[in-house]
Amino acid sequence: MSLLGEAWILQPRTHARGNVAVGLGVKAPTGSHTIESKFYTAAGPIEFPAEQTIQPGDGGWAILLQAQGFRQVTERAHLYAFGSYMASPKARTDTEWRPNTGEYWSVPDVYSARLGGAFSVWPDQGLTVSLGGRVDGIPVHDLLGGGDEYTIKRSAYVAFADPGMSLTRGRGTLTVSVPYRVMVDRQKSLYEQRTNGLNAGGFARYLVFASYSHRL
C-alpha cells in the first residue's frame, strides 16, 4: 500500500496548456515477500519462498518521489512526461534467495519514466490515443540503505514502446496502456561483479495497465 501527495507547480486555472506536478509519498511493506513455492534441490523439491521478482512485496518501507508534466502543442495534441523513483532505506530482507546460503534478497530501489504524445481523435466522445516510450528499472546502486555488495538484486532496465488510450465520459475516465518490450539491459549487481556471477531473470514481453478515475 502506498500513500502519495501531489501538487501542481503552476496554477492550473491559468496554465491549462502546460504544467508540472511533483509528488512525495511513502510505500508500506504490506505485500508479502515470503510466499512459498517449489524449490528443487538434489534431495527433491521443498517449500521455499518464491523468487522476489514475483512476490507481492519486497519487505521494506520506501520513499516515493514523483514528477509529471504536459504541454499542449495543438488544439488536439499534447506532449507528456512522467518520472518516479522509489528509494528503499532498508538494505536487505530476512529471506534467503536460496536455502542455507546466508545470502539475502535486497530491498531495491525502483524507477520508472515515460515520455510521449497524446492525440484527441474523437473529442465529442472523449477518446484519446497516445504513443510514447517507457523505461522501468532497478539500479545497481541504491540511493539509500546500502547493502549492494552483499545482497541479491535483479538490477536491470527495460525499455518499452508504450501505446495507450483513454475514454472520458462525464466525470469518469478509463485508461488502458499496453507497453511492449523493445530492449533489455541486464546489468550486473555489485554482488555479481564481486563474485563474477550473473543471476538469471525473466522479463515480460508486454505489460497491461488499466485504471479508472472519477472526479468528484
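The values are calculated or read from the model by the stated rules, or taken from the named source; none is laboratory data. None of these values were measured; they are calculated from a predicted model. As a convention, Cβ positions derive from the backbone with ideal geometry for all residues, glycine included, and neighbour counts pool all protein chains shown. The accessibility values were calculated without ligands, DNA or RNA, using every heavy atom of the protein model including side chains. Shrake-Rupley method; radii C 1.70, N 1.55, O 1.52, S 1.80 Å.
Side notes on the structure shown:
- Residue (of 143, 206, 106) at the positive-pole extreme of the chain, dipole from beta-carbon charges: 206
- Calculated FRET value between residue 39 and residue 7, using beta carbons and R₀ = 35 Å, to 0.05: 0.15
- In the chain, a dipole from Cβ-located charges (positive for Lys and Arg, negative for Asp and Glu) runs towards its positive end, and of 189, 39, 125 it is 125 whose Cα lies farthest in that direction.
- Solvent-free Debye scattering, log10 I(q)/I(0), computed from the Cα coordinates of region 1-123 at q = 0.12, 0.21 Å⁻¹: -0.64, -1.13
- The chain - Kirkwood radius from inverse mean 1/r over Cα pairs (Å): 19.6 Å
- Using only side-chain charges placed at the Cβ, +1 for Lys and Arg and -1 for Asp and Glu, the dipole size of the chain relative to its Cα centre rounds to 780 debye.
- Approximate shape of region 1-60 as ellipsoid semi-axes (Cα gyration tensor, √5λ), whole Å, largest first: 46, 11, 6
- Potential lengthening of the chain between residue 131 and residue 17 amounts to 39.1 nm, from the contour at 0.36 nm per residue minus the alpha-carbon distance.
- Mean Cβ count within 10 Å, highest first, over the residues of peptides 125-134, 7-16: 125-134, 7-16
- Residue 86 accessible area, 1.4 Å probe, all protein chains in place, Å² to nearest 10: 30 Å²
- Over all pairs of different C-alpha atoms, region 106-216 has a mean inverse distance whose reciprocal, the Kirkwood radius, equals 16.2 Å.
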